[in-house]
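The values are calculated or read from the model by the stated rules, or taken from the named source; none is laboratory data. For clarity, every value in this text was computed on a predicted model and none was experimentally measured. Cβ placement follows ideal geometry from the backbone for every residue including glycine, while neighbour counts extend to all protein chains displayed.
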Amino acid sequence: MVENLADIFANRTVHAMDALGETGLSEQTVPMRDMADQAMWVDELFWTAHP
């Protein structure tokens, strides 16, 4: 996959997110209690980026 990144970036909008629970540039403001909370977060992120 990595070898294809230049082609992907040239022709598509690419969004990257920090892995859930990992240190990164995101700041967690609400605790995630279970997989349902994580799924909701990913769903909200997706629909916010692509309404």
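Observations, loosely collected:
- Residues in the stretch 6-27 that are more than 18 Å from VAL42 (Cβ to Cβ), at pLDDT 75 or above and among the β-branched types (Val, Ile, Thr): ILE8 only.
- Some residue of the stretch 34-50 being part of a loop (DSSP other than H, G, I, E, B) and at pLDDT below 85: yes
- Restricted to the stretch 1-18, and to residues there that are within 19 Å of the chain's Cα centre (by Cα) and surrounded by fewer than 10 Cβ atoms within 10 Å (Cβ to Cβ), the residue that is nearest to THR48 (Cα to Cα) is HIS15.
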